[in-house]
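Structure first, then comments.
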Amino acid sequence: MDEARRQQSVDLCIEMLAEKSVHMRRTAAWELGSLGDRRATPHLVAALEDSDWECRHYVVMALGRLADPMTIPVLEALLAGDYLAEDGGGIAGAAPRKLADHLRDDILYAITCAAAAQATGE
């Protein structure tokens, strides 16, 4: 895909993150990770507050694929805070326990990817 086409795709997916349809938001998050363009990072970080846990999960996986070092503090804060709390203290309420455990692993993986990119200067 040429750069102009890729930029159009990134722009479209960023717009889709704000759609009412949860399926559109999930697809947008997934595609932004696949496109690998770090210009999407701030939009994905904002989408960590999506009302749908599965969309949030896709966002975390996309951030792992982007491996942007700027996300390290944000992801570490998710782990340190109540984002995955069983009592529903997080902004999306309680995540199902199995999803929260899986999401914790994916957040750790995303941090690892971002730290590796930082160490290599990517």
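The values are calculated or read from the model by the stated rules, or taken from the named source; none is laboratory data. These numbers were taken from a predicted model, which means no experiment stands behind them. Ideal geometry is used to build each Cβ from the backbone, glycine not excepted, and the neighbour counts take in all protein chains shown.
Okay, here's what the table says:
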quantity	calculated
Neighbours by Cβ (under 6 Å, 6+ apart or cross-chain): first from the stretch 100-120, on the phi > 0 side of the Ramachandran plot; second modelled with pLDDT of 95 or more and among the charged types (D, E, K, R)	none
Test: residue in the stretch 36-47 that is at positive phi and either in contact (Cβ under 8 Å) with a residue 24 or more places away in the chain or of a type in the set (S, T, N, Q) (or both)	yes
Enumeration of residues in the stretch 12-38 that are among the hydrophobic types (A, V, I, L, M, F, W, C) and farther than 16 Å from SER51 by Cβ	LEU12, CYS13, ILE14, TRP30, LEU32, LEU35
Lone qualifier among ARG97, ARG56, ARG65, ARG26 - being of a type in the set (Lys, Arg) and closer than 21 Å to MET1 by Cβ	ARG65
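One line per residue, one yes/no per condition, for (1) among the aromatic types (Phe, Trp, Tyr); (2) farther than 26 Å from GLN8 by Cβ; (3) modelled with pLDDT of 90 or more; (4) touching a Leu at 6+ places or on another chain (Cβ under 7 Å):
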| position | (1), (2), (3), (4) |
| --- | --- |
| SER51 | no, yes, no, no |
| CYS55 | no, no, yes, no |
| GLY64 | no, no, yes, no |
| ALA67 | no, no, yes, no |
| ILE91 | no, yes, no, no |
| ALA94 | no, yes, no, no |
| LEU99 | no, yes, no, no |
| ARG104 | no, yes, yes, yes |
